[in-house]
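Down below is the structure, laid out as structure tokens.
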Ligand SMILES: NC(=O)c1ccc[n+]([C@@H]2O[C@H](COP(=O)([O-])OP(=O)(O)OC[C@H]3O[C@@H](n4cnc5c(N)ncnc54)[C@H](O)[C@@H]3O)[C@@H](O)[C@H]2O)c1
């Protein structure tokens with residue numbers, strides 16, 4: 001593969017400017033080309049302003065900013081701009097004829113080795129490539145806006161795209177810190193295919209009177225399904241309003257995927273009356289008073305998100321059926337390109353594949369629309385009994401060692417298990433499936449002789465942000481109670497778990513996350529982070545031990561202060577009040593955790609197990625009863641090999657080697 005040193009970005013607009021900036025940061029020499037100097041000046045300004053903001057926030061030094069800027073040049077003349085380019089990234093407006101004109105023009109003057117990557121968000125790569133001198137060197141690289149928050153890059157393989165062109169795009173993507181997925185040249189690729197179909201279905205749900213209003217759909221998607229915003233709200237606000245773009249995309253889908261995909265009625269009407277969203281004052285909502293839209297949680301009480309989710313899952317399944325991409329790549333696309341709280345196929349597994357298929361069949365029977373017909377991928381799964389989490393097998397497998405939310409690393413040498421709460425895109429917020437997976441991981445560790453100590457920490461900047469609030473949007477008392485009970489049962493199990501558990505509070509521990517940490521045996525806190533019970537500020541109250549475990553740990557005075565005021569507790573107070581055992585500066589945190597965990601892993605397992613049980617059960621009894629159970633318990637392990645080893649090693653002045661026998 002040819003090494004890329006020089007990149008030319010065509011178009012200094014919203015996307016071109018960001019792509020150029022990221023390429024410059026990755027160390028490439030970048031030429032930005034636009035049709036007039038005024039556009040180049042605007043692009044340069046966008047780039048410099050973004051870097052200056054980061055300098056102000058202390059994320060970038062002024063020297064680095066100058067170094068990055070030194071990698072950039074701005075040229076109008078196309079021949080001059082592309083003559084040294086190893087890779088050209090095209091970000092000109094989304095017009096097929098223009099893209100074809102640009103690829104032709106560039107092919108004529110650039111080196112034959114040049115790879116041409118188009119940032120089209122919907123057009124066919126094969127069609128664009130037809131105008132290139134070397135169609136095999138044309139590839140799709142679909143970046144997401146804004147690049148600093150959306151790490152996804154879809155690499156789109158045109159019919160003739162060569163491995164070389166794909167490898168070149170991949171290496172540059174890696175240097176630009178993108179998370180890559182691969183997809184064939186299908187309409188909408190992955191993320192936009194799912195996003196546009198689900199948005200259109202949100203509209204259809206209202207038009208078909210299945211939802212009372214746009215607000216009802218948006219509320220259910222936002223609070224029950226946990227999407228960052230309602231999809232119709234996004235239609236109105238993304239880039240100032242994207243109803244015109246959505247309309248064109250749906251028309252394109254209708255042309256390429258079948259006429260059943262045509263624009264939903266409200267969308268069509270909005271488009272035809274020039275109401276494109278916020279930028280025109282009106283869209284699905286009225287923005288004329290300049291207000292920010294507020295979606296009330298209760299508005300979606302009567303609408304079940306499966307109505308919109310099922311067609312989204314169906315599109316994903318159709319992509320798999322066609323061999324366009326894989327299940328993992330689909331889930332990465334919705335997580336990192338659309339900000340979904342979970343992979344859409346993971347959601348399907350939790351919902352039940354049978355329920356998804358039933359919903360699609362209901363829609364198909366009622367509305368006779370081809371697009372609702374379930375993909376054979378889904379119907380086959382139902383036939384094979386692969387119904388999702390409830391059967392242990394769906395799009396993914398579930399059970400021992402198979403986790404969505406948990407990462408479990410067992411070190412057989414140190415005998416320390418690291419359980420990582422792994423949902424960083426949602427501050428490791430706990431939902432029902434997450435709690436079940438932690439429980440499953442405890443099952444795995446309880447029976448594993450290679451585990452003598454468990455350390456829990458969080459992936460990303462947080463330890464755990466608490467309970468996933470979507471649980472409270474369900475409006476169903478039985479599911480809220482089940483959620484509440486699952487947390488209580490799990491945290492109690494942690495308290496009496498036969499092996500020591502350490503909470504390595506690497507980042508913020510809030511609400512349910514803090515309640516989990518308090519159920520651990522020892523707590524080590526990064527001294528730059530905070531602990532907090534925010535529940536009362538939300539009208540909630542702690543429900544996983546935040547009133548009971550806390551008051552027993554630190555007493556009523558401080559417990560009430562923490563919970564009623566809901567203020568963050570910083571490391572010095574946390575240490576003084578006895579909320580944590582240690583507060584360690586970030587640079588030394590991991591080493592300290594490792595050392596402490598190793599010490600516990602070398603402890604006497606039988607004695608640890610009984611001691612933990614005594615702490616728990618003894619605390620439920622009066623002191624005399626507790627003392628009695630304690631003496632019985634201590635006598636019960638009196639003749640173990642561990643005790644023999646402990647006492648022998650003390651007299652031999654060496655460290656004991658306990659085996660738990
Ligand atoms: N904006 C987004 O959110 C987004 C996200 C992903 C992909 N995309 C895709 O990226 C591409 C660019 O979108 P954008 O939002 O940056 O558009 P934009 O309108 O902000 O910028 C396009 C730029 O291209 C310039 N241009 C026009 N003809 C040119 C030519 N022949 N050579 C060089 N420059 C030329 C224009 O002057 C303009 O500065 C489109 O294909 C779009 O679908 C956009």
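Couple of notes before you dig in:
- Residue tally, condition assigned to a helix (DSSP H, G or I) and away from the ligand (no atom under 12 Å from the Cβ), over segment 13-34: 5
- Here 95, 47 are screened, and the one residue that is within 16 Å of the ligand (Cβ to nearest atom), over 18 Å from residue 165 (Cα atoms) and surrounded by fewer than 23 Cβ atoms within 10 Å (Cβ to Cβ) is 95.
- Scanning segment 617-655 for residues that are part of a loop (DSSP other than H, G, I, E, B) and surrounded by fewer than 16 Cβ atoms within 10 Å (Cβ to Cβ) yields 621, 622, 637, 638, 639, 652, 653, 654, 655.
- Looking across 153, 87, one residue alone is under 30 Å from the mean Cα position of the chain (by Cα), closer than 18 Å to residue 20 by Cα and surrounded by 19 or more Cβ atoms within 10 Å (Cβ to Cβ). It is 153.
- Considering residues of segment 260-289 that are free of Cβ contacts under 8 Å to residues at least 24 places away in the same chain and assigned to a helix (DSSP H, G or I) only, the residue farthest from residue 94 (Cα to Cα): 269
- Matching entry among 154, 170 (being part of a strand (DSSP E or B), under 17 Å from residue 326 (Cβ atoms) and at pLDDT 95 or above): 154
- Residue 37 fulfils the conditions (1) farther than 21 Å from residue 144 by Cα; (2) more than 12 Å from the ligand (Cβ to nearest atom) except for a single criterion, (2).
- When 298, 339 are screened for being within 24 Å of the chain's Cα centre (by Cα) and either within 16 Å of residue 228 (Cα to Cα) or not in a loop (DSSP other than H, G, I, E, B) (or both), only 339 passes.
- If only residues of segment 77-92 that are near the ligand (Cβ under 10 Å from one of its atoms) and in a helix (DSSP H, G or I) are counted, the one that is farthest from residue 29 (Cα to Cα) is 78.
- Among the numbered conditions (1) within 28 Å of residue 157 (Cβ to Cβ); (2) modelled with pLDDT of 95 or more; (3) in contact with a helix residue (DSSP H, G or I) (Cβ under 9 Å, 6 or more places away or on another chain), the only one that residue 339 does not meet is (2).
- Filter pass, residue 323 being more than 20 Å from the chain's Cα centre (by Cα), surrounded by 24 or more Cβ atoms within 10 Å (Cβ to Cβ) and over 18 Å from residue 196 (Cβ atoms): no
- Test for residue 195: is it within 14 Å of the ligand (Cβ to nearest atom), buried (at least 17 other Cβ atoms within 10 Å of the Cβ), touching a residue at least 60 places away in the same chain (Cβ under 8 Å) and in the same structural domain as residue 238 (by TED's automatic domain parsing): yes
- For segment 381-435, filtering for residues that are closer than 18 Å to residue 459 by Cα and not in a strand (DSSP E or B) leaves 16.
- Meets criteria (modelled with pLDDT of 95 or more, in contact with a strand residue (DSSP E or B) (Cβ under 7 Å, 6 or more places away or on another chain) and over 30 Å from residue 210 (Cβ atoms)) for residue 353: no
- Enumeration of residues in segment 119-147 that are free of Cβ contacts under 8 Å to residues at least 40 places away in the same chain and either within 12 Å of the ligand (Cβ to nearest atom) or under 27 Å from residue 340 (Cα atoms) (or both): 120, 123, 128, 139
Okay, residues lined up against (1) loosely packed, with under 15 Cβ neighbours inside 10 Å; (2) touching a helix residue (DSSP H, G or I) at 6+ places or on another chain (Cβ under 9 Å); (3) touching a residue at least 12 places away in the same chain (Cβ under 8 Å):
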residue	(1), (2), (3)
355	no, yes, yes
370	yes, yes, yes
398	no, yes, yes
413	yes, no, no
429	no, yes, yes
441	no, no, yes
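- Exactly one residue out of 124, 162, 169 is buried (at least 18 other Cβ atoms within 10 Å of the Cβ) and closer than 16 Å to residue 1 by Cα, and it is 169.
- Candidates 74, 116, 68 - the one that is away from the ligand (no atom under 11 Å from the Cβ), at pLDDT 95 or above, under 30 Å from residue 247 (Cβ atoms) and surrounded by 17 or more Cβ atoms within 10 Å (Cβ to Cβ): 116
The values are calculated or read from the model by the stated rules, or taken from the named source; none is laboratory data. Because the structure is predicted, anything quoted here is derived from the model rather than measured. Positions of Cβ are generated from backbone atoms using ideal geometry, with glycine treated the same way; all protein chains shown enter the neighbour counts.
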